[in-house]
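Read the structure below first, then the notes.
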Amino acid sequence: MRRPKEEVSGKISVNDEGNAVARGNDTDYPGYKGSDKYYCGQKRAIVGSDGRCGPSAGPQCASCLRFQKKTRVNAAEEARLVPLYNPTQSDTWTHGVAIMAGIIAIGVFVVIVVVQLVSSSTA
């Protein structure tokens, strides 16, 4: 049986026993939902299971349950944070930067022209 892995930010997520965890799925066992749970795929004495934590659906081992709870807490905490820059609004932000760059360029051009006029009139 394959060992489930999930890459998160370039790192493999592991539970507190050091086993790689991955989300289950909803397709391997019709009627069982696993896509909302993390599983390590290790053999464990889990009530109501085939003796394995996942790896597709079914009950989780205690370590994966703790990982699941920690992950939900972290996700809820991140949802409360309000970013200063929202990537979904990148068009608005990009246009604002482009307009500001244009204003600065015009300002620099005006300064150069004024300096040239002043220096040519004094010469």
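Derivation of every value follows stated rules applied to the coordinates shown; laboratory data play no part. Keep in mind that this is a model prediction, so the values were computed, not measured. With ideal geometry, Cβ positions are generated from the backbone for all residues, glycine too; neighbour counts draw on all protein chains shown.
Points to keep in mind about this one:
- For the pair Val111 and Val14, label points projected 7 Å from Cα toward Cβ lie 5.5 nm apart.
- Order of Ser13, Ser120 - criterion: other Cβ atoms within 10 Å of each residue's Cβ, fewest first: Ser120, Ser13
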